[in-house]
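What follows draws every value from the coordinates through simple rules; no lab data is involved. From a predicted model like this one, the values you see are computed outputs, not experimental measurements. As a convention, Cβ positions derive from the backbone with ideal geometry for all residues, glycine included, and neighbour counts pool all protein chains shown.
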Amino acid sequence: MALALDPLIHQPVRLRIMTVLHALGPEQEVEFTTLRDMLGVTDGNLGSHLRKLEEAGYVRTHKTFALRRPRTYIAVTGPGLNAYQTYLMALERLLRPPEPRPTAP
């Protein structure tokens with residue numbers, strides 16, 4: 001059975017976002033600006049990709065204020081972890097060399 005690559009995660013920036021969040025683990029958060037700097041993307045670019053992931057239920061965000069400045073934190077959700085792990089399994093299966101076919105005598 002072939003697993004399909006999730007097109008939502010397969011986009012390069014979103015794949016990098018999910019990889020960072022997966023490395024942090026469940027219940028761990030990263031600040032928007034830290035994630036932006038790690039990925040080398042603009043605020044707008046990161047925001048639009050996070051919105052797509054959030055709409056799919058793969059990430060959650062919450063906003064706070066520190067010294068009157070807004071801070072946004074991002075974390076992966078349970079469904080996001082499952083989707084990412086399924087994506088990795090599909091990618092591994094795709095990259096695995098095919099089994100040799102038996103030759104008829």
(request) Of the options THR86, PRO97, LEU53, report the single residue whose Cα projects farthest towards the positive end of the charge dipole of the chain (beta-carbon charges: Lys, Arg +1; Asp, Glu -1). (result) LEU53
(request) Assign unit charges at the C-beta atoms only (+1 for Lys and Arg, -1 for Asp and Glu), then state the dipole size of the chain relative to its Cα centre in Debye, rounded to the nearest 20. (result) 200 debye
(request) Using label points projected 7 Å from each Cα along Cα→Cβ, tell me how many nm separate LEU91 and HIS22, to one decimal. (result) 0.5 nm
(request) Count charges around HIS10 for me, please; just the other residues with Cβ under 15 Å from its Cβ, Lys/Arg as +1, Asp/Glu as -1. (result) +2
(request) Calculate the spin-label point distance for LEU81 paired with ARG101, positioning each point 7 Å from the Cα along the beta-carbon direction, and give it in nanometres. (result) 4.1 nm
(message) Restricting to Cα pairs below 8 Å that are 6+ residues apart, what does the relative contact order work out to for the chain? Please round to a whole percent.
(response) 34 percent
(message) If I compute Kirkwood radius over Cα pairs in Å from the structure I just sent, which labelled value in [x] 13.5; [y] 15.2; [z] 13.9 lines up?
(response) [y]
(request) Provide GLU29, GLU99, GLU55 in ascending order of the number of other Cβ atoms located within 10 Å of each residue's Cβ, fewest first. (result) GLU99, GLU55, GLU29
(request) Kindly list the residues of region 1-30 that lie in the label zone of ARG51, defined by a backbone N under 20 Å from the point 7 Å along the Cα-to-C-beta vector. (result) 7-18
(request) Please order VAL30, VAL20, VAL76 by the number of other Cβ within 10 Å, starting at the fewest. (result) VAL20, VAL30, VAL76
